[in-house]
Structure formats: C-alpha cells, structure tokens
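Have a look at the structure below before the remarks.
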Amino acid sequence: MTTTRVEIDQSVCQSARYCLRTAPGIFALGPDDIAGVKDADGGITAGPVDVLPDQASLVDTAAWECPAAAILTH
Ligand code: SF4
C-alpha cells in the first residue's frame, strides 16, 4: 500500500480556499486564514500528514489547483 504524505508551505498560502473546496476532508483554514492539513487529532497542521490511499487523487487535484503551489506531496 502506497502512502501519500501531504504538507502545506504556509509561508506562501494565499487563502484562496481551492483546496478546501476540492478536499474538505483533508484541508482546513486555521484561525489565521492560512490553510493546513487536518491531523488525526482534529487539529490543523502544516504537516506532513499521511492521507488514506483513496484520497491521494484528491490531494493531487488540490495541489494542481492551488494558485500558490503551496501543497506538497511525497
Ligand atoms: S488552495 Fe493553496 S493558496 Fe488556497 S488556501 Fe489552499 S493551500 Fe492556500
């Protein structure tokens, strides 16, 4: 099973929210309006966070749509 790890370069996030529309189960805005990745404890972090294999394509789509190229996958 291949695991996808996702993180966000919060220094370049423009709060455009495309990632939230594409993958609301994975991304969320923090209190500062900067996007993060939801972690297993319900928090929001810059990552990296492992995502389930069936969510990998959503993450790839979000990374492609992000105008700031802030979403990084490994
Ligand atoms: S799509 Fe990119 S720029 Fe917009 S909120 Fe998400 S990470 Fe930030």
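Laboratory data are not the source of any read-out in this text; all were calculated from the coordinates shown. Given the structure is predicted, the values throughout are model-derived calculations rather than measurements.
Principal-axis analysis of the Cα atoms of the chain puts helix 56-65 at an angle of about 30° to the longest axis. When the Kirkwood radius is taken over all Cα pairs of the stretch 1-44, what Stokes-Einstein diffusion coefficient follows at 20 °C and 1.002 mPa s, in µm²/s? After rounding, the answer is 195 µm²/s.
With the alpha-carbon atoms as the only input, what is the per residue convex hull volume for the chain in Å³? Walk me through the numbers on the way to the answer.
Values: hull volume 5.5 nm³, N = 74.
Dividing the Cα hull volume of the chain by its residues yields 75 Å³.
Remark: the stretch 41-46, residue by residue, has Karplus-estimated 3J(HN,Hα) of 8, x, x, 10, 9, 6 Hz, where x stands for each Gly or Pro and the curve is 6.51 cos²θ - 1.76 cosθ + 1.60 at θ = phi - 60°. In the stretch 33-72, the convex hull through the Cα atoms has an average projected area of 3.1 nm², a quarter of its surface area.
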